[in-house]
Amino acid sequence: MFSKILIANRGEIALRIIRAARELGLKTVAVFSEPDKNSLHTMLADEKICIGPAKASESYLNIPNLISAAEITKADAIHPGYGFLAENPRFPEICETSGITFIGPPGSIMRLMGDKNRARQEMEKAKLPVIPGGDNSTEDISEAKKIAKKIGYPIILKAAAGGGGKGMRVVRSASNLEEQFSIAQNEAKAAFGDSSLYLEKYLHKARHIEIQVIGDTKGNVLALGERECSIQRKYQKLLEETPSPFIDEKFRKKLIKAVHDAAHFIGYQSLGTFEFLVDDRKKYYFMEANTRVQVEHPITEMVYAIDLIKEQIKIAAGNKLSLSPDLRLSGHSIECRINAEDAETFIPSPGKIDFLSFPGGEGIRVDSAAYNNWQIPPDYDSLVAKIVAKAPTREEAIKKMIVALEMTTISGIKTNIPLHLAILSNSDFIKGDYDIQFMEKFLDKMNSSRKKG
Ligand code: ADP
């Protein structure tokens with residue numbers, strides 16, 4: 001086992017990793033940028049070290065500074081969290097040459113899954129159905145026109161190197177392909193330094209369903225029950241739940257087996273998530289795989305009563321997977337992502353938290369790095385807290401979440417709690433009758449009733 005883990009991240013996920021490491025008896029090192037000097041992760045780790053200024057490219061994305069920080073503090077492993085360098089294949093490779101264990105999959109798996117088009121091709125070989133689309137990504141509009149014609153409209157353009165919904169554009173007909181192609185290319189170039197796009201059939205009324213995978217270095221892989229992540233705004237998840245109200249035990253088993261076999265086929269190691277779109281006839285299509293811990297991993301932990309991060313650390317140290325293939329999920333869990341933003345306009349609202357009080361009690365989990373009088377730096381993402389509820393049934397989990405949100409106070413900044421409360425009281429949501437278009441319709445309705453009012 002390692003003796004000390006450096007956490008190449010900040011915010012709630014840095015705290016989450018500190019907690020797991022400490023439970024395993026390991027020391028931790030926090031890294032921080034200048035504006036994060038007073039962030040909670042720097043106070044709760046055993047050691048802390050500044051790695052640069054606010055700009056992520058000069059701090060949290062700065063590989064030489066991170067490796068130096070690990071060498072100075074004698075950390076023998078690095079956990080990347082999510083975002084920042086978590087899916088950059090160069091990071092595990094550089095860690096390896098520096099004699100530091102990277103807690104995550106090897107660079108070769110990241111390279112394979114990081115290019116959405118290559119990942120699709122590989123998953124087809126692994127017998128997972130993929131969304132109908134072009135064979136290759138392209139930077140050429142005339143090529144794109146040909147591919148789009150072959151697939152048939154509507155289509156969706158995606159940045160080949162993409163993530164976080166950037167560089168994605170839905171194109172409903174041939175007449176606006178040229179314009180949307182150029183917008184998506186510019187966005188992709190700015191976000192990922194690569195303007196190649198690939199084209200896919202746009203699936204209307206689908207659900208975003210994802211499967212958690214964990215594999216060790218000895219060829220053992222486990223796939224777990226689904227997370228339903230169709231409540232999204234601008235391709236960003238807002239609220240997740242497990243199990244999905246749409247999926248029955250038979251379909252769950254089928255999906256778990258298909259993902260298990262595909263993950264086994266590519267020799268998947270560490271934590272990962274296979275994302276799918278599932279249409280209303282329960283046909284599933286592989287969308288992409290994320291080679292890291294997901295923001296929404298706590299709901300899986302709640303229904304399976306497991307600790308994915310502790311397992312991930314143990315596997316990185318060479319241990320055999322200790323989770324049993326007979327694990328069964330029990331109860332229902334929901335996560336609300338609480339962002340520092342206006343609940344109506346979605347304009348970010350960083351600033352000072354004057355007063356903070358989180359909910360508690362049986363079945364409630366809060367993952368957050370916020371505290372009273374903390375000045376939220378404007379430089380990073382707006383996630384302030386993940387509030388997670390678990391109860392025996394979906395109906396009870398919804399009620400528990402509503403009460404938890406009503407009992408949360410975060411003053412001084414604006415948050416999207418009112419939006420979550422409105423979603424949780426929506427009759428279609430309560431029935432479990434929703435898909436990836438839900439939020440668009442929901443917000444349109446809210447805006448038009450506001451205008452009338
Ligand atoms: P990113 O990596 O940028 O997060 P994903 O490929 O994971 O992008 O897609 C994010 C979301 O975009 C999905 O959850 C889904 O809502 C929507 N989406 C992606 N591909 C399609 C598609 N072919 N048809 C309809 N919606 C899609």
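One residue is enough: does segment 236-243 have a residue meeting the conditions open to solvent by 20 Å² or more (accessible area, probe 1.4 Å), more than 20 Å from residue 398 (Cβ to Cβ) and within 16 Å of the ligand (Cβ to nearest atom)? Checking segment 236-243: at least one residue is open to solvent by 20 Å² or more (accessible area, probe 1.4 Å), more than 20 Å from residue 398 (Cβ to Cβ) and within 16 Å of the ligand (Cβ to nearest atom). Counting the residues of segment 283-309 that are in a loop (DSSP other than H, G, I, E, B) and within 16 Å of the ligand (Cβ to nearest atom) gives 7. So, residue 320, is that one in contact with a Phe, Trp or Tyr (Cβ under 9 Å, 6 or more places away or on another chain) and assigned by TED's automatic domain parsing to the domain that holds residue 233 or not? Taking the combined requirement at face value, the residue does not satisfy it.
Checking each residue in segment 132-162 for being near the ligand (Cβ under 9 Å from one of its atoms) and surrounded by 19 or more Cβ atoms within 10 Å (Cβ to Cβ) picks out 133, 155, 156, 158, 159, 162.
Conditions (1) outside the structural domain of residue 387 (by TED's automatic domain parsing); (2) touching a residue at least 24 places away in the same chain (Cβ under 8 Å); (3) under 20 Å from the mean Cα position of the chain (by Cα); (4) part of a strand (DSSP E or B), marked per residue:
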| site | (1), (2), (3), (4) |
| --- | --- |
| 212 | no, yes, yes, yes |
| 229 | no, yes, yes, yes |
| 241 | no, yes, yes, yes |
| 247 | no, yes, no, no |
| 255 | no, yes, yes, no |
| 260 | no, yes, yes, no |
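Residues in segment 171-206 that are within 9 Å of the ligand (Cβ to nearest atom) and closer than 22 Å to residue 121 by Cα were compared, and the one that is farthest from the chain's Cα centre (by Cα) is 201.
Condition check for residue 265 on (1) crowded, with 24+ Cβ neighbours inside 10 Å; (2) under 19 Å from residue 127 (Cβ atoms): one failure, at (1).
The values are calculated or read from the model by the stated rules, or taken from the named source; none is laboratory data. These numbers were taken from a predicted model, which means no experiment stands behind them. Note that we place each Cβ from the backbone using ideal geometry, even for glycine, and neighbour counts take in every protein chain shown. Heads up: the accessible areas ignore ligands, DNA and RNA and are worked out on the full protein's heavy atoms, side chains in. Shrake-Rupley method; radii C 1.70, N 1.55, O 1.52, S 1.80 Å.
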